[in-house]
1. Testing the spin-label approximation: label points 7 Å from Cα along Cα→Cβ at Ala517 and Asp225. State their distance in nm.
2. Starting from the 7 Å offset along Cα-to-Cβ, what nm value, one decimal, do you get for the label separation of Gln113 and Asn94?
3. Compare the peptides 571-583, 431-443 by average per-residue count of other Cβ atoms within 10 angstrom and give them in order, highest first.
4. For region 447-598, what is the relative contact order in percent, using Cα pairs closer than 8 Å and at least 6 residues apart in sequence?
5. In deg cm²/dmol and to the nearest 500, what is the mean residue ellipticity at 222 nm of the chain if only DSSP H runs of at least 4 residues count, each as -39500 (n - 2.57), divided by the residue total?
6. Over all directions, how big on average is the projection of the convex hull of the alpha-carbon atoms in region 273-360, in square nanometres?
7. Rank by packing, highest mean first: peptides 599-606, 185-192, with packing defined as the count of other Cβ atoms within 10 Å averaged across residues.
8. When the solvent-accessible surface of protein heavy atoms is calculated with a 1.4 angstrom probe, in what order do Phe490, Phe143 fall, highest first?
Amino acid sequence: MIRKIFVGFATLVAASFLCAQAPDYQQNWTNYVRIGAYGLEREDPAKIVADATASDVFGIEVDNDIEGRYESFLDPTEKLAAIKSVAEKAHAANNYAFVYIAGTECITANADQTAHTLAKDHPDWLQRKITGEPAIFSAEAAFWIAKGDEDVWVSPYAPEWRKIYMHHVAQIAATGIDGIYVDIPYWMTHFTGWEDTWASFDQYTVAEFKKQTGLDAKKDLKLGDFSDPNFQKWVDFRIQTFTDFMAEIASTAKAVNPKIKIIPEIYPGFEQEAVRVGADVYSMYAVVDAIAHEYEFGEGDHMASSRSQIDWFNYQVGMHTFRAFAEGKATWILNYSWDGDKNVKPSDAMKNLAMSQVMDGANFWDAPGHSMAGSNDLATRKEIFHWIAAHEKTFYLPRTALHPVGVYFSAATRNRTPEEFVRAYRGVLILLIQAHREFQVVTPRTLDQFKGGTLVLPDARAFDEHEQNSLKAYVKSGRELVVTGTQPEFLADATNVVRFRESVGEQYYRALETSFADTKVEGEKDFLNSLGAPTDLTIEAASTVATSISRVGGATHIFMANFTGLVPHELATPTKQNVTIRVHGRMEKAEFLPFLGDTLEIRGKRQGEDTVFTLPEIERGAVFWYPANSPQ
């Protein structure tokens, strides 16, 4: 977002091209990035590339925003030349580079001193409230808008603007840059006074909605009323609008440069905010190459140093959800670790943030404060990036399920009853994570491919015909559905369905909000028993250690993130934890990789038909794995 006060081209630099190492998985450089940002306007491109390479940055993110500044929107010549130059220098150093552009936001500098601004020249392009008020803002609206500047948000249906925008996208692709990073393609619903507007009601958007649905958006909707079928159509239309917008950016760029990658930055996650701003990462992953999530948790400043334990577990749920949406595409996390917290060292906050991300298979982007460029502690960034580079296959090769419990993300339910569904969904996932059970997030796109024997529907209420048929086929195959909360009518007569009338997930989540440690709710034990017992391995660890189980490169991996003892603003070094892993069968040895440490070989002890591994103490996090031909 322009709000970050970008200082220039940020850099994705690679020590080597990794896409060739895993062609069977269709991976590419976006799966392995270690992102750092640099200001092209302040530094020479050659110096940027050299600095990035020296600190193990993999790829160059460059801020040279053509679309978001009215001056360059009118004449992009100079910026296009700069983009071409930095791309050439990055490639000469065997690196990658991607360039930042705005989505629908555009700033005119010194608007109070010029006769030509976007709003003055093209008032019809602007997004509007239902009352007609245009989306025009000044410095008081946001910190990244300078005094005297004009900040506007454009309707994606303004035909002349969209034509020019896509022409610029094609020109950018022709420079040879490796990626286009599109910052927050949103409906304006996040500035003060605009949150509940459900904009935009400009003439072009209203006309398109009428064309698609036959409805008048200004007269036929009960805004904010999710029980109104017409408002539901407006919600779906708004989400589809920006999914289509990103799809057009991708097709336009790839027509010029087939290898270019399109990466939107989105700050809502999978929750209700996605419905309001219209940028739904579930929908967008299908049409882009990666998504950079500005996914925040924590009080006030949303820094890692301010996170409670429930914040950290919510964060894990979010990243696991994004990885499921991505279906093998990359998940980048642009997040913030520290911003002057007196009782927490920047290095500790950075390490906690990086550990939490890589354990879930997401890519770490180090950023200070709420800026994209720079680092809170360069030495720590180098240490983290160097370690990730040394172990990147462990974290970024594709992860596949073994014998998971499926948890269904119902996009349609989220769009209809966002608060209730999100609590139920989060609660079920955190319960499984704390119980150290293998889980897999299942979506409407992946439902038919899910192989697990148990699938949980956490208070899911809205299903299209395809979903209904797939769920019916699932239970007919002899596998088990566990339905909590609302009971779908189409499953009323289905066998192999375990029904919990109460939403176990929502109850569990509400209990977590009250007291995170040793949470217990009525029905929890019966719910876990309904999922069956794990067959291959069991994990004995504290509930404050988040675990996830996957097969990576043919070996069974257990990824562990330790949040024990963390206290917001006060304590950022976790309490070390002991973990025991019992694997069914005979095994000679296994591997153990502590966060920022070296791989160790460890040996287990036979106990009956099992092999038991007592792991070294875990501080922040660790990975344990054993080879594919074990156990025997």
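The values are calculated or read from the model by the stated rules, or taken from the named source; none is laboratory data. Keep in mind it's a predicted model, so treat the numbers as computed, not measured. Don't worry about glycine lacking a Cβ; one is built from the backbone with ideal geometry, like all the others, and counts go over all protein chains shown. When the accessible area is computed, the model is the full protein with side chains, heavy atoms only, and any ligands, DNA or RNA have been set aside. Shrake-Rupley method; radii C 1.70, N 1.55, O 1.52, S 1.80 Å.
1. 4.8
2. In this crude spin-label approximation the distance works out to 4.8 nm.
3. Details: 571-583: 18.2, 431-443: 21.9.
Order by mean packing, descending: 431-443, 571-583.
4. 15
5. Dividing the helical sum by the residues of the chain leaves -9500 deg cm²/dmol.
6. Across all orientations, region 273-360 yields a mean hull projection of 6.0 nm².
7. On the way: 599-606: 13.0, 185-192: 20.0.
Going from most to least packed, we get 185-192, 599-606.
8. Output order, biggest surface exposure first: Phe143, Phe490.
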